Amino acid sequence: MELEIDKKELTALLQYQIHNLFKITNSEKITISKNINNVLSRIEFCLSKSKNKYCKKNNKTFFNPFHSGQYSIFLYYFSNSIYNTYKESQIGLANKIYYLNKSLNGLDLLYDVKMPKVFFLEHPVGSVLGKAKYGEYFTFFQGCTVGGNKGVYPKIGKHVKMLSGSKILGNCNVGDQVIFSANSYIKDTSVPSNTIVFGHSPSNKFKKIKNFKALINRYFEGDL
């Protein structure tokens, strides 16, 4: 993978940003340095599946921390890796990186939410992703919400795309290859595969997609 700045500079950048907002301990600096390779491996795999022109350079996967969408994914992976590896002993660092992501990119995505190996976003400002079950190749835009209702969270299939302002709340079972149109909203509703969702719950309208594969191929490289 090609990097806009080298690994040493990237590590220093993250440490500097955390220090400026929250202060950083020596232990936290060491933890970041120890985990940078793992996080870069995760984001390389994720970005390698995208056909977005900003994810490629010289025919290689390209990571640019000054591309806010890519950096949002990087910061989520970092906070999630810290949480999964260290749990309570470094929960403060996981919280700082989560908060940094929220401050810089306007994305509310907590480290204990289990995102798929491959997901993508465009303009994540104002999006809130809760503890749903997310399928691979999940994509979302600005102002999207995935959340619970009465303690129950959605189950979302593969190749689901949320356009701006759409919401998935509560006991929802969303099939594979589903597009949520802009400002659509479902609550405690099942959605069949190969569908475009319009309107607001409980009066949604579903439209069948005839050739979803062609649409997928515009955004992603192959499958897992």
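The values are calculated or read from the model by the stated rules, or taken from the named source; none is laboratory data. As the structure is a computational prediction, the values presented were derived from the model and not from experiment. Positions of Cβ are backbone-derived with ideal geometry, glycine not excepted, and every protein chain shown enters the neighbour counts.
Taken over region 13-37, the criterion of being under 23 Å from the mean Cα position of the chain (by Cα), surrounded by 15 or more Cβ atoms within 10 Å (Cβ to Cβ) and without any contact (Cβ under 8 Å) to a residue 60 or more places away in the chain is satisfied by Gln15, Ser33, Asn35, Ile36.
Within the set Lys56, Lys51, the sole residue that is at pLDDT below 95, surrounded by fewer than 20 Cβ atoms within 10 Å (Cβ to Cβ), within 15 Å of Thr139 (Cα to Cα) and outside the structural domain of Tyr137 (by TED's automatic domain parsing) turns out to be Lys51. When Val174, Val152, Val197 are screened for being at pLDDT 95 or above, surrounded by fewer than 14 Cβ atoms within 10 Å (Cβ to Cβ) and either of a type in the set (A, V, I, L, M) or assigned by TED's automatic domain parsing to the domain that holds Lys131 (or both), only Val152 passes.
Which residue out of Thr61, Thr85 is in contact with a Leu (Cβ under 6 Å, 6 or more places away or on another chain), in contact (Cβ under 8 Å) with a residue 40 or more places away in the chain and among the β-branched types (Val, Ile, Thr)? Step by step, each of Thr61, Thr85 is checked, and only Thr61 is in contact with a Leu (Cβ under 6 Å, 6 or more places away or on another chain), in contact (Cβ under 8 Å) with a residue 40 or more places away in the chain and among the β-branched types (Val, Ile, Thr).
Determine whether region 128-140 contains at least one residue that is part of a strand (DSSP E or B), assigned by TED's automatic domain parsing to the domain that holds Thr189 and surrounded by fewer than 19 Cβ atoms within 10 Å (Cβ to Cβ). Talk me through it step by step, then tell me what you get.
Narrowing region 128-140 to residues part of a strand (DSSP E or B): 128-129, 133, 138-140.
This time we only want the ones that are assigned by TED's automatic domain parsing to the domain that holds Thr189, so: 128-129, 133, 138-140.
Keeping just the survivors that are surrounded by fewer than 19 Cβ atoms within 10 Å (Cβ to Cβ) gives 128, 133.
For region 128-140, residues part of a strand (DSSP E or B), assigned by TED's automatic domain parsing to the domain that holds Thr189 and surrounded by fewer than 19 Cβ atoms within 10 Å (Cβ to Cβ): present.
Please go through region 88-109 and give me each residue that is over 23 Å from Gly143 (Cα atoms) and touching a residue at least 40 places away in the same chain (Cβ under 8 Å), ordered by number.
Going residue by residue through region 88-109, those that are over 23 Å from Gly143 (Cα atoms) are 88-94.
Gln90, Gly92, Leu93, listed by residue number.
Being under 26 Å from Lys53 (Cβ atoms), surrounded by 18 or more Cβ atoms within 10 Å (Cβ to Cβ), of a type outside the set (Gly, Ala, Ser) and under 17 Å from the mean Cα position of the chain (by Cα) is a description that applies to Lys161.
Just one of the listed residues (Phe74, Phe78, Phe45) is out of contact with any strand residue (DSSP E or B) (no Cβ under 6 Å at 6 or more places or on another chain), assigned to a helix (DSSP H, G or I), more than 16 Å from Leu10 (Cβ to Cβ) and not aliphatic (A, V, I, L, M), and it is Phe45.
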